[in-house]
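Report on the following structure.
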Amino acid sequence: MQTTDTSQGYLRDAYLGEIRGEATFRLLAEVLPERAGDLHMLAEVERVTAAYLSHHLLSPVSTEAEAACRAAAKRRVTAMAIDSWAALLAGVTPIVQAAVEKFKAAEAHAPRELLPVYQAFTAHELVLADYLRLEQEGKGGAHLLENYIERVAPKAP
């Protein structure tokens, strides 16, 4: 039971992190309208990842918890005081890099039956890290986000 409680806590936190991430990127699209396309795509990566994770939760997350994440995103965006795409990339990159390390470490403790879910969650953060790197290099990384969304988004019947 401990493993289930721990893994469900991890997946719940991961899910809520994606809800917060989606809201953050959508709000940032209002702050940086010239990069709204990229920011909406980043939000979509978070949304489809949350949808994927939701299928592995044993119980639904409350609407109150989701609303609290969205409110936290609003506070985060205000506190970030982002004024340019370069500032956003510089601010977000260390957060994503730390998350990749945290998620890789979590994989080492994942229950065998949930390891593919943990790995998929880490993979989404690796896509974000690669996207940020390409953007900082001036090479454009939107194709990475598009490919991820296409691969993970639920398909219509």
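The values are calculated or read from the model by the stated rules, or taken from the named source; none is laboratory data. Quantities reported herein were computed from a predicted structural model and do not represent experimental measurements. Ideal geometry is used to build each Cβ from the backbone, glycine not excepted, and the neighbour counts take in all protein chains shown.
Just to verify a result, which residue in the range 88-145, among those that are in contact with a Phe, Trp or Tyr (Cβ under 7 Å, 6 or more places away or on another chain) and among the charged types (D, E, K, R), is nearest to residue 51 (Cα to Cα)?
By that ranking, first place goes to 125.
Of the residues 93, 63, 122, 78, which is among the polar types (S, T, N, Q) and more than 30 Å from residue 33 (Cβ to Cβ)?
Working: 93 fails: more than 30 Å from residue 33 (Cβ to Cβ); 63 fails: more than 30 Å from residue 33 (Cβ to Cβ); 78 fails: more than 30 Å from residue 33 (Cβ to Cβ).
Going through 93, 63, 122, 78 in turn, the sole match is 122.
Inside the range 46-87, can you point out the residues that are of a type in the set (Asp, Glu) and under 13 Å from residue 17 (Cα atoms)?
46, 66
Could you tell me which residue of the range 27-49 is nearest to residue 128 (Cα to Cα), considering only residues that are touching a residue at least 12 places away in the same chain (Cβ under 8 Å), out of contact with any Asp or Glu (no Cβ under 9 Å at 6 or more places or on another chain) and of a type in the set (D, E, K, R)?
Among them, the one singled out is 35.
List the number of the failed condition for residue 106; all other conditions in (1) under 21 Å from residue 44 (Cα atoms); (2) of a type in the set (Gly, Ala, Ser); (3) part of a helix (DSSP H, G or I) hold.
So residue 106 meets the others, but not (1).
Go through (1) in contact (Cβ under 8 Å) with a residue 40 or more places away in the chain; (2) exposed (fewer than 14 other Cβ atoms within 10 Å of the Cβ); (3) not in a helix (DSSP H, G or I) one by one and return the number of the condition residue 146 breaks.
If we test residue 146 against (1) in contact (Cβ under 8 Å) with a residue 40 or more places away in the chain; (2) exposed (fewer than 14 other Cβ atoms within 10 Å of the Cβ); (3) not in a helix (DSSP H, G or I), just (3) comes out false.
Taking residue 58 as meeting all but one of (1) at pLDDT 95 or above; (2) loosely packed, with under 11 Cβ neighbours inside 10 Å; (3) within 16 Å of residue 12 (Cα to Cα), write down the number of the exception.
Residue 58 satisfies every listed condition except (1).
Checking the conditions here, which among 73, 98, 105 is surrounded by 13 or more Cβ atoms within 10 Å (Cβ to Cβ) and of a type outside the set (Lys, Arg)?
Values: 98 fails: surrounded by 13 or more Cβ atoms within 10 Å (Cβ to Cβ); 105 fails: surrounded by 13 or more Cβ atoms within 10 Å (Cβ to Cβ).
Exactly one of 73, 98, 105 is surrounded by 13 or more Cβ atoms within 10 Å (Cβ to Cβ) and of a type outside the set (Lys, Arg), namely 73.
Would you point out the residue of the range 125-143, among those that are of a type in the set (Asp, Glu) and over 14 Å from the mean Cα position of the chain (by Cα), that is surrounded by the fewest Cβ atoms within 10 Å (Cβ to Cβ)? Full working, then the answer.
Kept after step one, since they are of a type in the set (Asp, Glu), are these residues of the range 125-143: 125, 130, 135, 137.
With the extra rule that they be over 14 Å from the mean Cα position of the chain (by Cα), the set shrinks to 135, 137.
On the way: 135: 21, 137: 9.
In this case the residue turns out to be 137.
Take residue 38 and decide whether it is closer than 23 Å to residue 81 by Cβ and either assigned to a loop (DSSP other than H, G, I, E, B) or not β-branched (Val, Ile, Thr) (or both).
yes
Which of the following residues is more than 21 Å from residue 12 (Cα to Cα), out of contact with any strand residue (DSSP E or B) (no Cβ under 8 Å at 6 or more places or on another chain) and in contact (Cβ under 8 Å) with a residue 24 or more places away in the chain: 117, 152, 77?
77
What is the residue count in the range 73-94 for residues that are under 18 Å from the mean Cα position of the chain (by Cα) and hydroxyl-bearing (Ser, Thr, Tyr)? Even if it seems obvious, please write down each step before you answer.
Of the range 73-94, the ones under 18 Å from the mean Cα position of the chain (by Cα) are 73-77, 80, 88-94.
Those still in the list that are hydroxyl-bearing (Ser, Thr, Tyr) too: 93.
The qualifying residues number 1.
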